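Down below is the structure, laid out as structure tokens.
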């Protein structure tokens, strides 16, 4: 178990995961087939915090997403389509105590904590899958990926918000602007921005920094097509030599219990298609699924099953 002032990492044991897995005669669940070995290709890490969203003047709840995922994923069927033998659920990061200082300083501490955790536990050729917490955790993921590959990476993000706010202290709304400023990210592709929830400053800054972005309204009203853009970005990024971080903010899915709930967005099926299409890229650096924020049993089922589908879709697509 690793610790910092405000955060602690709990490393899972095989027995921990099997205790959460239901037995049924004639069936084999994922919790019993996971490799859970250090050399597995896919390393799943949970993050249980809402410090980042709260530091961005948002609401709590993102600390609950990983637990919802874990219970659902472990009890999915292991079969010929996904056996789970390439997956290691490493453990989870959680908050030790409620901070009594500026939350943005605590987010910076979490940046360092996650970066060190990734360096210590994820080796070349392995792909980290980080689930839960705020979108602030994209920054240490990008930093780690650039560190591991010795070059800046590209990032593609399906999100209602660009998270490209001012460099005003770390929070969930400026991971990508900080990553670009620090030289860890050289290209940012963000799809489906909501026009009413991205400031003119952010739009101008994306253009000034020569990033690629689209608006959800253009897809909604027919001037763009998500499927075509997924295919075009796959072709474009397949030709590049650098690694690609794959991001999907649960805020972009309509009526998803999340840190920034919205009745307007994409259906879950389209999120799965995005993960399937872009997950096939050869040089994927990581998968990041933040901002799920369930607050009751029904929402736990919605968020948990959605995340479990997205993770299994990614592994199946990427392993092909």
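The values are calculated or read from the model by the stated rules, or taken from the named source; none is laboratory data. Computed from a predicted structure; not experimentally measured. FYI the Cβ positions are ideal-geometry reconstructions off the backbone, even for glycines, and counts take in every protein chain you see.
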Filtered residue count, region 211-250, keeping only those that are outside any helix (DSSP H, G or I), within 20 Å of the chain's Cα centre (by Cα) and under 15 Å from residue 282 (Cα atoms): 5
Of all residues in region 181-197, which are more than 23 Å from residue 226 (Cα to Cα) and crowded, with 24+ Cβ neighbours inside 10 Å? 185
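Quick one: which of 43, 51 is touching a helix residue (DSSP H, G or I) at 6+ places or on another chain (Cβ under 9 Å), surrounded by 24 or more Cβ atoms within 10 Å (Cβ to Cβ) and closer than 30 Å to residue 106 by Cα? Walk me through it before giving the result.
On the way: 43 fails: surrounded by 24 or more Cβ atoms within 10 Å (Cβ to Cβ).
That would be 51, the only listed residue that is touching a helix residue (DSSP H, G or I) at 6+ places or on another chain (Cβ under 9 Å), surrounded by 24 or more Cβ atoms within 10 Å (Cβ to Cβ) and closer than 30 Å to residue 106 by Cα.
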So which residues in region 192-210 are free of Cβ contacts under 8 Å to residues at least 60 places away in the same chain and either in a strand (DSSP E or B) or closer than 20 Å to residue 137 by Cβ (or both), if there are any at all? 193, 202
Can you pull out every residue in region 147-163 that is in a loop (DSSP other than H, G, I, E, B), on the phi < 0 side of the Ramachandran plot and touching a helix residue (DSSP H, G or I) at 6+ places or on another chain (Cβ under 7 Å)? 152, 159, 160, 161, 162
Have a look at 206, 166 and point out the one that is surrounded by fewer than 22 Cβ atoms within 10 Å (Cβ to Cβ), on the phi < 0 side of the Ramachandran plot and in contact with a strand residue (DSSP E or B) (Cβ under 6 Å, 6 or more places away or on another chain). 206
Only residues that are part of a loop (DSSP other than H, G, I, E, B) and in contact with a helix residue (DSSP H, G or I) (Cβ under 7 Å, 6 or more places away or on another chain): list them for region 79-135, please. 81, 83, 84, 85, 86, 99, 124, 132, 133, 134
Look at residue 144 and say whether it is outside any loop (DSSP other than H, G, I, E, B), at pLDDT 95 or above and farther than 18 Å from residue 190 by Cα. yes
Looking at 216, 242, which one is crowded, with 19+ Cβ neighbours inside 10 Å and in contact with a strand residue (DSSP E or B) (Cβ under 7 Å, 6 or more places away or on another chain)? 216
